[in-house]
Structure formats: structure tokens, C-alpha cells
Amino acid sequence: MTDTAPRSGGDILVEHLLLNGVKRVFMVAGESFLPCIDALYENRDRIDTLSFRQEAGAAYAAEAHGKLTGETGVCFVTRGPGASNAAIGAHTAFQDGTPMVLFIGQVGSDTVERDCFQEVDYRRMFGPMAKWVASIDRTDRIPEFVARAFQVARSGRPGPVVLALPEDTLWGKAEVADVMPAPRAHPHPAPAEIARLESLLEAAERPVMIVGGAGWNDEALARMRGFAERYDLPVGVSWRRLECFDNRHPNFAGHVGYGMDSKLAKRIENADLVIAVCTRLDEPTTEGYVHVTSPVPRQKLVHIHPDPNELGRVYRSELAMVADPTGFAAAVASLSPKARPRWAGAAEAANAEYRATLEPGPMPGDTNLAEISAGLRERLPKDACITLGAGNFALFPHRFLQFSGPGTQASPICGAMGYGLPAAIAAKSAFPERMVLCYAGDGCFQMTMQELGTAAQNKLGIVILVFNNRMWGTIRQHQEREYPARVFGLSLTNPDFAALVRAYGGHGETVERTSDFMPAFERALGFADRESMPALIEIRYDPDGITPDTTLSAVRAAALAKAAA
């Protein structure tokens, strides 16, 4: 801590962003935090500030930055409407376990509780979807609050912190010492817990490991690969955490969650030991708590998680360990079986079943989304970053693409639509040298498509694939299953997406046949790389092709037959 001359609240806050290693912030400007904007101007050579069109896009981008880099994402929005728009990003960070700090302008302390212009009680608003919500009511306490915010956001199960910034706090001045960030702690399992894990593995016959959660790095993943190899463990990745284990590794068993391969689902159900590493085993991963039942699993469960509050909350486990990916991976780095495992060959068999799912099947119409993603799998570099919104279109990249490690995939576990484009902006800003590809459905894309302007303004050469079936496809599938042949409220009249991106100065094409996609992709990628501007391909396909495994007509026929039985 060092003494300093009097500084404004905005200057103190931005200086403490720098002390916490912040290199980039995402925001929509507002008069409620003008001193912060001025401080960002003063430090524009040290902090990259991306100004978005709408607060949901800014908050999504901050969350994606945290997810892709392991750093804490930072977002600034104004009070009232701005905070309301940003709430979806905070909710995504909370459900996905992503470190993020959301700064919100607030009315002055002298007028609080008068229902002033755009005044909101942020503790009540964000309380259920943030790890900590507070208001910095004194200028001289900014260092304390910011230091705590970053510590809370990244510790245990990471998540969002919301700090309100009253105007008088930011405009005020204080002579205050800086508070340096605390070193990050990595909880490790106790030796007795590792010994218990070893004994459970020695007694097992059909073990399976599922990895997920936040906080993975290359070293931790390398140690987990070694652990899986030595014990010949089949390894699945939890819902939308495909980057948590190299999908090309011979122990990889596949994506665990909605739309998973039936053989993998059966393998998990029939396992006598499930090792869940830093994943919550949430509803999507277990497909409604079916494959790992709650509260008492049919399998013996070893549950490792950095937040002790997650252990025992949904599942009664045989062994629970408080550890993050770094701590657990270090603890098992020297663990080896005393003899050849009884299940030897299980990983090879599981991997063969996974590789069989990479073969694209038929789809109705002239455009086969499975073949498009399978072709991209062979074309994309291993370090390409893929961002995805939410919808049935995302099942195709989840099935047919392969991901190699941290920073290669970002998608919202909570199923928030509109995520893909802001996440791609965050990805290209963090990794300008890497290929960034966004998958978006036609409905998903239109929730944040105005951020094409953000990508163009910042000269970000991202490639966007918009999958156009002219409807809310996921809901249509559910509607046909529950109320067959009673389709209502799901159709979309869409713009010419290719023309839209051209209006922003980007490159746009429309594809209606599988054979036309790869040439269009090469042109789009060439433009994005050459011009440092966004390129978009609209892919029109038959709406009957709803998932890699079924059609809407088949869903409807099965529902009608069930109703008639």
C-alpha cells in the first residue's frame, strides 16, 4: 500500500482496475459514471474500452471474456434501464460460474430512496443472481470494495459481483492508499481424500470421469489427461464445457448433456463410479437428473468442486473434495494404479463410440448442417475460438466440432440467447491472432445483431454463421412434442442477414446448399482476415431438420401416435 495525492473516485476506481490486471472493459456509456469514462480516457493506452450498442451485449462480452481468458470480466453500465439490460449477462455469469464485475452508475447518496430518475435498489435486484452486491458510498472506500469484488468474483465457484457507484462517490475526491490484489488461492484435496479416491478406483469396475466448470488452464488439463491415461478412464465433458478436455484425446468419451449419444448416456448410468471434477452435474448435464439421479445417485459419486456449498447440495456423494482444477489436478498428478485396471479398454471403447458420432447423417432439404460442421472440423485450426448462442442449431457444433482446451469455446450454460455475437467480439479482442467463428440461430442472432456495429467500429475480423430456419426452432420441437400439429407463435419474418452486414461495411453471403458453404466460408474468412471487418454467412435450411438425430415431422408423428394410443 502506498500513499497518494487526492484523486477523484473515477480515477481511484480505474487505477484499481489496472492493479487487478484488467486490460479490457466492456460498456455502454452513461452520465451516471462519467468520472470513470474520463479516467478510462486518461488510461486509454493501458485499458482497451469497447463501447457496445446495448447493455446486454456489453455484459455478455464481459462474461465471455472471463470464460475465455480466465480473467475477471469487467462491464460498466448506467443505472435503471442500463442495469436491467445488463442483468442477462450477470445471470449468465452466475449460472456458468464466470468471474465478472458489473459496475453500475447510481443516483447520488443525497437523493437515494426518493425513487429518483432511474433509481433501482441493486441489492434487491441482483441479490439472487450475484455472489455479492454492494454500493460504494464513500470515495475513500473504493480501493477496499474493488479489491473485495475481484477476490469474491474469482474465488470458490467464480461468479458475478455487482457494485453500484453513487455519483457523489465518483465525483468526490479522497487521499487514500491503494489496495493490491490478494494472491489467488487454489484449494487442494486433503491427502486422506486422495487416498480414499485411490481406494474407490481400486474397487471400481466401470468408472467414468466427467469434467467441467471454470478455472481450467493448460497445466491442469495436461495433468488431468495424464490421470485419465494412467487409469484408462473414459472422460466426458459437462454441458457446454467442451473446452475442458481435448476432444481429440483417445480417452475422450463425448459431450455429456442435452442431445448426448445414447451409448454415452447408458455408460454413465451403468457406471459404478462417477468422478465429477469441478462440474455441478447440473440439470442439462444429467438431462434432468436422470443419468445421475438426485439426491442419491445410483453410482458411487466422487464430487470435486471449489465451492463447499455445492457439495451435498444436489447430490449425496460417496466422497466430496473442496478443490479447484489446479488443486485437484496437482493432487492426482502422481496417482497411478497399482495394477492394470479391471476396466482396461473402456476408454478406447468409449472413444470409438464417440468417434462414430462424428459421422454426419442425412438431413431433409439441400442444406445439411451436420455436414457443414463436420467439414469445418477438418478446416478449423486447433486454436480457433468458437462462440455459440442458444438454440437447437448449437447441437450441430457441439456434436461435430472438436475443441482442444481453454479459450477455444464459449457458450452459455444457462441457454441465454443472443450470446454468440458479443462473445465473438470479446474473443477476437482477446485473441486477435486467432480465428473466431460465431454460431447463431436466426432468432438468437436478432437479439444482439446491433453489435455488428461494435465489431465493425473496432475492426474485428470475426466470421458469423447465421442458421436461418425462420422460426424459434427449439420451442417448436417442444411444442410439437407436447401439442402436436398446434403450432403457434413461433414463426419469424427475417431480414436479409447478408445485406445487413454489408450495410455495416462487412462481407455477407447467403448459402442454400451444402456444396456452396465451404467456398463461401473461405471468401468470408479471407475478407475478415484481410479487412479486419466482420463477415457473415446466412445458411438457409429446411426447418424439418431440427436436430442431428431427428426431424420435426418425426417428433410430431410420435406425439400423435402417443396421443392416439
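List of remarks:
- Under 15 Å, Cβ to Cβ, from Leu552 - net charge with Lys/Arg +1 and Asp/Glu -1: 0
- Translational D in µm²/s for the stretch 465-565 (Stokes-Einstein at 37 °C, 0.692 mPa s, Kirkwood Rh from C-alpha pairs): 212 µm²/s
- Sorting 485-497, 166-178 by their mean Cβ neighbour count within 10 Å, with the most densely packed peptide first, gives 166-178, 485-497.
- Per-residue 3J(HN,Hα) values for the stretch 154-160, derived from phi via the Karplus relation 6.51 cos²θ - 1.76 cosθ + 1.60 with θ = phi - 60°, read 9, 8, x, 7, x, x, x Hz in sequence order (x marks Gly and Pro).
- Remark on Leu401: its backbone amide H falls under 5 Å from none of the residues 5 or more positions apart or on other chains, H modelled at 1.01 Å from N.
- DSSP-defined beta bridges in the chain - what % are antiparallel, rounded to 5: 5 percent
- Overall, the accessible surface of the chain at a probe of 1.4 angstrom is composed of carbon and sulfur to the extent of 51 percent.
- When the GluC sites (Glu not before Pro) in the stretch 468-565 are filtered for DSSP coil states and for at most 16 other beta-carbon atoms within 10 Å of their beta-carbon, the remaining sites are Glu512.
- Peptides 332-345, 549-562 ranked from most to least packed by the mean count of surrounding Cβ atoms within 10 Å: 549-562, 332-345.
- Value of Rg to Rh for the stretch 189-272 (Rh from inverse mean 1/r over Cα pairs, i.e. Kirkwood): 0.96
- Over all other residues within a Cβ to Cβ distance under 13 Å of Glu31, the charged ones net out to -1, with Lys and Arg as +1 and Asp and Glu as -1.
- Environment charge at Glu512 (Cβ cut-off 11 Å; Lys +1, Arg +1, Asp -1, Glu -1): -3
- Diffusion coefficient (Stokes-Einstein, Kirkwood radius over C-alpha pairs, 10 °C, 1.306 mPa s) for the stretch 486-537: 129 µm²/s, rounded to a whole number.
- Shown in residue order for the stretch 508-523 are the 3J(HN,Hα) couplings computed by the Karplus curve 6.51 cos²θ - 1.76 cosθ + 1.60 at θ = phi - 60°: x, 9, 10, 10, 10, 9, 4, 5, 8, 5, 4, x, 5, 5, 5, 5 Hz (x for Gly and Pro).
- Dimensionless Rg/Rh of the chain - Kirkwood Rh, Rg from C-alpha atoms: 0.98
- For the stretch 150-200 and the stretch 491-542, distance of Cα centres in Å: 42 Å
- Accessible surface, the chain, averaged per residue in Å² (probe 1.4 Å): 39 Å²
- Listed values for the stretch 21-27 are Karplus-derived 3J(HN,Hα) couplings in whole Hz (6.51 cos²θ - 1.76 cosθ + 1.60, θ = phi - 60°), namely x, 6, 10, 8, 10, 10, 7, and x replaces Gly and Pro.
- Amide H to amide H, with H built 1.01 Å from N, His249 comes under 5 Å of no residue 5 or more places away or on another chain.
The values are calculated or read from the model by the stated rules, or taken from the named source; none is laboratory data. All values reported here derive from a predicted model rather than from experimental measurement. In this analysis, Cβ positions are derived from the backbone assuming ideal geometry, glycine residues included, and neighbour counts consider all displayed protein chains. Protein only, heavy atoms only, side chains kept; ligands, DNA and RNA dropped before computing areas. Shrake-Rupley method; radii C 1.70, N 1.55, O 1.52, S 1.80 Å.
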